[in-house]
1. Gln9 fails exactly one of the following numbered conditions: (1) outside any strand (DSSP E or B); (2) of a type outside the set (D, E, K, R); (3) surrounded by 11 or more Cβ atoms within 10 Å (Cβ to Cβ). What is the number of that condition?
2. Looking at (1) free of Cβ contacts under 8 Å to residues at least 12 places away in the same chain; (2) of a type outside the set (Lys, Arg); (3) part of a loop (DSSP other than H, G, I, E, B), which is the one condition that is false for Asn2?
3. Return the residues of the stretch 47-66 that are exposed (fewer than 15 other Cβ atoms within 10 Å of the Cβ) and without any contact (Cβ under 8 Å) to a residue 24 or more places away in the chain; say none if nothing qualifies.
4. Anything in the stretch 12-27 that is polar (S, T, N, Q) and in a loop (DSSP other than H, G, I, E, B)? List them, or say none.
Amino acid sequence: MNPDIKILQGGKDTVVPPEQSQLIVDAIRANHGCVNYVLFPDEGHVFHKAESIKKSLDEELAWYVNLLGESA
């Protein structure tokens with residue numbers, strides 16, 4: 001089953017703390033939704049490290065490909 005939503009979270013985010021995102025993830029799963037949660041432990045609300053930016057873009061692209069199909 002493809003995730004309905006993907007959440008990319010910085011572990012040091014003070015705008016949307018990881019605990020808040022985890023509550024959202026837990027609520028989605030409790031209601032039988034499918035969510036993919038990706039934590040970037042050393043990032044804040046905005047990702048600054050090149051490897052985090054690349055991984056987040058790769059994750060987002062994969063989500064769109066799964067959602068829309070390769071021909072989209």
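1. For Gln9, the exception is condition (1).
2. Unmet condition: (1).
3. Hits for the stretch 47-66 are His48, Lys49, Ala50, Glu51, Ile53, Lys54, Leu57, Asp58, Leu61, Ala62, Tyr64, Val65.
4. Thr14
Read-outs: derived from the displayed coordinates by stated rules, not from any lab. Only a predicted model underlies this, so the values are computations on that prediction, with no experimental measurement involved. All Cβ positions, even for glycine, are placed from backbone atoms using ideal geometry, and neighbour counts span all protein chains on display.
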